[in-house]
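Beneath this line is the structure, given in C-alpha cells, with notes to follow.
The values are calculated or read from the model by the stated rules, or taken from the named source; none is laboratory data. All of these numbers come straight from a predicted model, not from anything done at the bench. When we count neighbours, we look across all protein chains shown, and the Cβ atoms used for this are built from the backbone with ideal geometry, even at glycine. The protein model used for the area step is the full one, side chains on, heavy atoms only, and it has no ligands, DNA or RNA in it. Shrake-Rupley method; radii C 1.70, N 1.55, O 1.52, S 1.80 Å.
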Number of protein chains: 2
Amino acid sequence: MYREADVKKYAELIVKTGVNVQKNQIAVVRTPVECYEFANLITEKAFLAGAKDVITIYSDSASQRLRFKHATTETLCDVPSWSVDRLMKYANEGACFISITGDDPDAFEGLDQLKIGESKKAVMKANSPYYDKIDKGENQWTVVAYPGKKWSSKVFPELSAEEAQNKLWDSILSAVRISGNEDPVKEWAEHSAALASHCRFLGESGIVSMKIKNSLGTDIEIGLAEDYIWAGGSEKTVDGVEFQANMPTEEVFTMPHREKVNGIVYASLPLSYQGVMVEDFYFRFENGKVVDYGAKKGKEALTQLLATDEGSSYLGELALVAYETPIRQTGILFYNTLFDENAACHLALGSAYAMTMKGGPDMTKDERTAKGCNDSVSHVDFMFGTADLSITGITADGTEIPVFENGGWVKA
Amino acid sequence: MYREADVKKYAELIVKTGVNVQKNQIAVVRTPVECYEFANLITEKAFLAGAKDVITIYSDSASQRLRFKHATTETLCDVPSWSVDRLMKYANEGACFISITGDDPDAFEGLDQLKIGESKKAVMKANSPYYDKIDKGENQWTVVAYPGKKWSSKVFPELSAEEAQNKLWDSILSAVRISGNEDPVKEWAEHSAALASHCRFLGESGIVSMKIKNSLGTDIEIGLAEDYIWAGGSEKTVDGVEFQANMPTEEVFTMPHREKVNGIVYASLPLSYQGVMVEDFYFRFENGKVVDYGAKKGKEALTQLLATDEGSSYLGELALVAYETPIRQTGILFYNTLFDENAACHLALGSAYAMTMKGGPDMTKDERTAKGCNDSVSHVDFMFGTADLSITGITADGTEIPVFENGGWVKA
C-alpha cells in the first residue's frame with residue numbers, strides 16, 4: 001500500500017529531521033498506547049540511525065480518564081518521583097525526545113475540570129526541571145502526529161472508523177510534506193530555509209510592537225520583549241544539533257513583552273484544552289494581563305487555564321502563519337494544536353521560550369523577566385489568524401511596516 | 001455479544017478474587033500494550049472495588065525485541081533506577097499487582113540469547129527487593145491472561161488472526177471457569193477449597209520424599225525441604241488478605257529440598273523461555289543439582305537459564321496437577337506457562353517460595369537455606385505430567401503412600 005511506505009518515510013523523517021538522532025544518543029519515544037506499532041517503526045529507525053537505546057513511555061487517555069474520574073485530587077497531585085526521575089535521567093544523559101500526539105481530543109469531557117487542572121499543574125510543576133532543560137535547548141525534541149481512532153472520528157464524523165483513520169493519515173502525510181515527495185528530508189530542509197528567511201526579515205526590521213486587526217473584532221497591539229528573536233523552521237540545541245520541534249511546522253514566532261499587550265483578541269478556531277473543547281472565545285488584555293475573557297462553550301476550562309499560576313494570564317508567544325499553507329489546504333479542522341496552530345496565526349498564554357530572546361537560555365529567570373519574558377508552568381496556544389488578518393509592525397521611531405495583509409506575508 | 005459480557009466478568013473476577021483489591025488500596029496493572037483496553041476494564045473494576053489509585057505499567061515485546069537486537073549488553077544491563085523505584089514505591093505502599101500475560105511467545109526467537117539472558121538477569125537482580133516482598137506475602141498479586149494476536153495465532157495457526165483470537169478468548173474463559181458460570185466468584189471459592197483439601201491430605205501425610213515415574217523415562221526421587229507446606233488455591237498476605245496468585249490455577253505445590261533430588265526428569269510439554277521455544281528436553285539431577293541436560297530444540301536457552309546463578313541449577317518448586325482439568329479438556333497446547341503449568345505436574349528451577357516452608361517468610365535466607373530452601377533470581381517452570389504418571393510418597397519410616405496413579409489423584 002502507498003500509505004504504508006509513506007508511514008515508514010514519516011518515521012524516518014521524524015528520526016532524521018525531527019529529532020536528528022545522533023550516534024550513540026538515547027531516544028525517548030512518548031506515545032499513546034494505541035499507536036504502539038507506529039512507535040516501534042520510529043524505534044527501529046532510531047536504532048538504524050545509531051541510537052544507543054530507545055526508551056518508550058506509553059500513556060493512554062482512556063486510562064487517565066478513569067483516574068481523573070475516580071481518584072481524589074490529593075492522590076492525583078501526588079506526582080510519583082519515579083516519573084520525574086525517568087524524564088530527568090534521560091534528559092541529563094543528553095537524550096532526544098519524540099512525542100506522538102493523536103489521542104482522543106475529548107478524552108476528559110464531562111469530568112471535574114478543576115480536579116484535572118490541579119492534577120496537570122502538579123505534574124507540570126514536578127517536571128519543571130525537565131521542561132527547563134528542554135526550554136534551554138539542551139536536548140532535541142519533536143512533536144509528531146498519529147491518527148488515533150477517536151481523534152480520526154472527531155475530525156471525520158461522517159466516515160466509518162476505519163475510513164476516518166485512513167483519511168486522517170492522508171491529511172497528516174500531506175501536512176508533513178511526505179505525500180508525493182521522493183525525498184522528504186530534502187523537502188523539509190528547503191521549507192525550513194523559507195521560514196528562516198521570514199525570520200531574518202522580521203529580525204532586521206527594528207519592529208518593537210505589532211498592531212493586529214481583523215473582522216472578527218480582534219484589535220490588539222502586542223509589544224515585543226527586549227532582544228526578541230524570531231524563530232521558525234529548525235532549531236539548534238546548545239551543542240549545535242539541528243532539530244524540528246514540531247512536524248508539521250509553518251510558523252515563525254517570537255516573544256511578546258509580558259507587560260506590553262493591550263486590546264482584544266478573538267480566537268478563530270476552537271481550542272482543545274485538557275480534553276475539553278473551548279469554542280468562540282476571546283481575551284482582553286491590559287498591560288499584558290488578561291482582564292476579561294469569554295467563551296460560547298467551555299469557559300470553565302479557560303478559568304482553569306488562567307488560574308494555573310501568575311504567568312498563565314500573560315502571553316508567552318506570538319506566532320505568524322500565512323493563511324494559505326498545506327495544512328489549511330486540507331480544509332480540515334484538526335482539533336489538535338499541532339496542526340491547527342500551524343494553520344493560523346496564534347498566541348500562547350503562559351511560558352515564553354527562552355530561546356526567543358537573545359542570550360535568554362543563559363540568563364537567570366529574573367534577568368529574562370526584566371526584559372519582558374513571561375514565566376509559567378503552562379503554555380497553551382490559541383489561534384486568531386483569519387483570511388482578512390492584517391499585521392503592522394511599529395518601529396521605535398513610529399515607522400509602520402506592513403507585515404501581513406489579507407492573512408498572508410507582505411514581504412519575506 | 002456473550003464474549004464481551006464474559007470478558008467483563010473476567011475483569012471483575014481478577015479484581016475481586018485474583019488480587020482482592022481492598023478499600024483505598026493502590027492497584028498496579030502490568031500489561032502488554034496490545035491489550036490496553038482489557039487493562040482499562042480491570043482498572044475500572046478496581047476503582048469500583050474501592051481502589052485509591054490504579055497505575056498501569058505497559059510493556060511491548062516487539063519494542064523489547066528491537067532493544068535486544070540493537071542495544072549493547074552493557075546498555076541493556078544498566079537497569080534504570082526509576083523502574084526499580086516504581087515497583088518498590090507501590091509495593092511499599094501496600095499495593096496489589098495484576099500482571100497480564102499474552103504477548104508473543106516467540107518474540108525473541110533468532111536473537112542473541114546470551115545477551116537477552118544477561119539483560120533479564122540484570123533486571124531481575126535489580127528488582128529483587130520487590131520480588132522478596134512479593135515472596136514474603138506482603139502484597140497480593142495475580143497473573144492473568146489476554147489472548148494477544150501473535151499468541152493466538154501461535155496456538156491456532158490454522159485460523160485467521162481474528163478467529164484465532166476469538167477462539168483463544170473462549171479457551172481462556174473456559175480455563176478460568178467463567179464460561180457458563182453465573183457467579184464465577186463463588187465457583188472460584190469452591191474450586192479453591194478443593195485444592196486446599198489436597199494440601200491438607202499431603203500436609204498431614206508425613207511424606208519426606210516423592211518417587212515419580214512415567215513412560216517418557218522420568219525416574220526421579222524428590223526430597224522435600226524441612227517444614228515444607230503444601231500450598232494451592234488461594235494464598236494469604238501477611239496481613240491476612242486472601243488472593244489467587246494465578247488465574248487459572250489447578251496446582252498444589254511445595255518446596256523440594258535443594259540438595260535431595262536425584263534422577264532424571266523428562267519434560268512433557270515445550271517451554272517458552274524468554275521468547276524461545278525449548279522442546280523435548282530433560283534434566284538429570286545429582287544431590288539436587290542439574291548435572292546433565294539436553295533438548296531436541298532450544299538447548300541454548302536452557303544453557304542460559306542454568307547459567308543465571310548458582311540457584312538456577314536447583315529446584316524451587318514441585319507442583320502436582322491432575323491430568324484431567326478444564327485446561328487439559330480444551331485440548332490445547334497454550335505455549336504459555338500460566339496455562340500449561342496448570343495442565344500438568346511441573347517443577348521449577350530456581351527460587352523457592354518462602355511461603356512453602358513453615359515460618360519461611362520470617363526467616364533469614366541462611367536459615368531457609370539450612371532447611372533446604374533454594375534461592376535464585378530466576379524461577380522457571382517446566383512440565384513433566386503425563387496421563388500415565390505415578391507418584392509415591394515416602395514417609396520418614398519408609399511407608400509408601402500412593403499420591404498419583406495414571407496421572408491423577410489417588411485420594412484427596
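If you take the residues in the range A:107-136 that are farther than 22 Å from A:T303 by Cα and of a type in the set (D, E), which one is farthest from the chain's Cα centre (by Cα)?
Within the range A:107-136, the match that is farthest from the chain's Cα centre (by Cα) is A:D132.
Just to be sure before I move on: is B:K411 over 16 Å from B:A267 (Cβ atoms) and at pLDDT 95 or above in the structure I sent? I'd like the intermediate steps shown before the answer.
Working: over 16 Å from B:A267 (Cβ atoms): yes; at pLDDT 95 or above: no.
Spelling it out, it is not the case that B:K411 is over 16 Å from B:A267 (Cβ atoms) and at pLDDT 95 or above.
Is there a residue in the range B:369-377 that is surrounded by fewer than 24 Cβ atoms within 10 Å (Cβ to Cβ) and without any contact (Cβ under 8 Å) to a residue 24 or more places away in the chain?
yes
So which residues in the range A:91-130 are of a type in the set (G, A, S), touching a Gly at 6+ places or on another chain (Cβ under 8 Å) and within 13 Å of chain B (Cβ to nearest Cβ), if there are any at all?
Here is the first cut: in the range A:91-130, the ones of a type in the set (G, A, S) are A:91, A:94-95, A:99, A:102, A:107, A:110, A:117, A:119, A:122, A:126, A:128.
Next cut, touching a Gly at 6+ places or on another chain (Cβ under 8 Å) only: A:102, A:107.
Within the range A:91-130, A:A107 is the sole residue that qualifies.
Quick check on the range B:318-327. Is at least one of its residues surrounded by fewer than 24 Cβ atoms within 10 Å (Cβ to Cβ), of a type outside the set (S, T, Y) and in a helix (DSSP H, G or I)?
yes
Quick check on the range A:328-343: of everything there that is polar (S, T, N, Q) and not in a loop (DSSP other than H, G, I, E, B), which residue is least open to solvent (accessible area, probe 1.4 Å)?
Ranking the qualifying residues of the range A:328-343, first place goes to A:T337.
Residues in the range B:209-218: is at least one assigned by TED's automatic domain parsing to the domain that holds B:E286 and either free of Cβ contacts under 8 Å to residues at least 60 places away in the same chain or closer than 25 Å to B:D362 by Cα (or both)? First the steps, then the outcome.
Pass one, the range B:209-218, residues assigned by TED's automatic domain parsing to the domain that holds B:E286: B:209-218.
Filter once more, so that each one left must be either free of Cβ contacts under 8 Å to residues at least 60 places away in the same chain or closer than 25 Å to B:D362 by Cα (or both): B:209.
Within the range B:209-218, one or more residues are assigned by TED's automatic domain parsing to the domain that holds B:E286 and either free of Cβ contacts under 8 Å to residues at least 60 places away in the same chain or closer than 25 Å to B:D362 by Cα (or both).
Taking the condition of being within 18 Å of A:G233 (Cβ to Cβ) and open to solvent by 10 Å² or more (accessible area, probe 1.4 Å), how many residues in the range A:13-34 meet it?
Counting residues in the range A:13-34 that are within 18 Å of A:G233 (Cβ to Cβ) and open to solvent by 10 Å² or more (accessible area, probe 1.4 Å) gives 3.
Yes or no: the range B:104-122 includes at least one residue that is surrounded by 20 or more Cβ atoms within 10 Å (Cβ to Cβ) and of a type in the set (V, I, T).
Yes, the range B:104-122 contains a residue that is surrounded by 20 or more Cβ atoms within 10 Å (Cβ to Cβ) and of a type in the set (V, I, T).
A:A145: closer than 27 Å to A:R67 by Cβ, of a type in the set (A, V, I, L, M) and open to solvent by 30 Å² or more (accessible area, probe 1.4 Å), yes or no?
Working: closer than 27 Å to A:R67 by Cβ: yes; of a type in the set (A, V, I, L, M): yes; open to solvent by 30 Å² or more (accessible area, probe 1.4 Å): no.
So A:A145 fails the test.
Looking at (1) at positive phi; (2) touching a residue at least 12 places away in the same chain (Cβ under 8 Å), which is the only condition A:G240 fails?
Tallying (1) at positive phi; (2) touching a residue at least 12 places away in the same chain (Cβ under 8 Å), A:G240 fails exactly one: (2).
Can you tell me which residue in the range B:248-304 is nearest to B:M210 (Cα to Cα), limited to those that are open to solvent by 60 Å² or more (accessible area, probe 1.4 Å) and basic (K, R)?
Restricting to residues being open to solvent by 60 Å² or more (accessible area, probe 1.4 Å) and basic (K, R), the top hit is B:K260.
Test of understanding: among B:C96, B:C77, which residue is open to solvent by less than 30 Å² (accessible area, probe 1.4 Å) and touching a residue at least 12 places away in the same chain (Cβ under 8 Å)?
The conditions single out B:C96.
Restricting attention to the range A:68-90, which residues are more than 7 Å from chain B (Cβ to nearest Cβ) and of a type in the set (K, R)?
A:K69
Filter the range A:42-73 down to the residues that are among the hydrophobic types (A, V, I, L, M, F, W, C), over 19 Å from B:N40 (Cβ atoms) and open to solvent by less than 40 Å² (accessible area, probe 1.4 Å) and list them by number.
Passing the criteria: A:I42, A:A46, A:F47, A:A49, A:A51, A:V54, A:I55.
Residues are listed down the side, and each one gets a yes or a no for (1) open to solvent by 10 Å² or more (accessible area, probe 1.4 Å); (2) touching a Cys at 6+ places or on another chain (Cβ under 9 Å); (3) free of Cβ contacts under 8 Å to residues at least 24 places away in the same chain:
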position	(1), (2), (3)
A:K150	yes, no, no
A:E162	yes, no, yes
A:Q165	yes, no, yes
A:W169	yes, no, no
A:L173	no, no, no
A:V176	no, no, no
A:G180	yes, no, yes
A:K186	yes, no, yes
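Within the range A:188-236, can you find the residues that are open to solvent by 30 Å² or more (accessible area, probe 1.4 Å) and β-branched (V, I, T)?
A:V208, A:I229
Considering only the range B:40-53, state which residues are more than 7 Å from chain A (Cβ to nearest Cβ) and touching a helix residue (DSSP H, G or I) at 6+ places or on another chain (Cβ under 9 Å). Break it down into steps so the answer makes sense when it comes.
Residues of the range B:40-53 that are more than 7 Å from chain A (Cβ to nearest Cβ), as a first pass: B:41-42, B:45-46, B:48-51.
Those that are more than 7 Å from chain A (Cβ to nearest Cβ) and touching a helix residue (DSSP H, G or I) at 6+ places or on another chain (Cβ under 9 Å): B:L41, B:I42, B:K45, B:A46, B:L48, B:A49, B:A51.
Say whether the condition of being free of Cβ contacts under 8 Å to residues at least 60 places away in the same chain and open to solvent by less than 10 Å² (accessible area, probe 1.4 Å) is met by at least one residue in the range A:349-356. Give the derivation first.
So in the range A:349-356, the residues free of Cβ contacts under 8 Å to residues at least 60 places away in the same chain come out as A:350.
Now restrict to residues that are open to solvent by less than 10 Å² (accessible area, probe 1.4 Å): A:350.
Checked the range A:349-356: at least one residue is free of Cβ contacts under 8 Å to residues at least 60 places away in the same chain and open to solvent by less than 10 Å² (accessible area, probe 1.4 Å).
Conditions: (1) open to solvent by 70 Å² or more (accessible area, probe 1.4 Å); (2) under 20 Å from A:F339 (Cα atoms). A:D381 meets all but one. Number of the miss?
Tallying (1) open to solvent by 70 Å² or more (accessible area, probe 1.4 Å); (2) under 20 Å from A:F339 (Cα atoms), A:D381 fails exactly one: (1).
Would you check if A:Y10 is farther than 23 Å from B:Y90 by Cβ, in contact with a Pro (Cβ under 9 Å, 6 or more places away or on another chain) and crowded, with 22+ Cβ neighbours inside 10 Å? Step through it out loud before you land on a result.
Details: farther than 23 Å from B:Y90 by Cβ: yes; in contact with a Pro (Cβ under 9 Å, 6 or more places away or on another chain): yes; crowded, with 22+ Cβ neighbours inside 10 Å: yes.
In short, yes.
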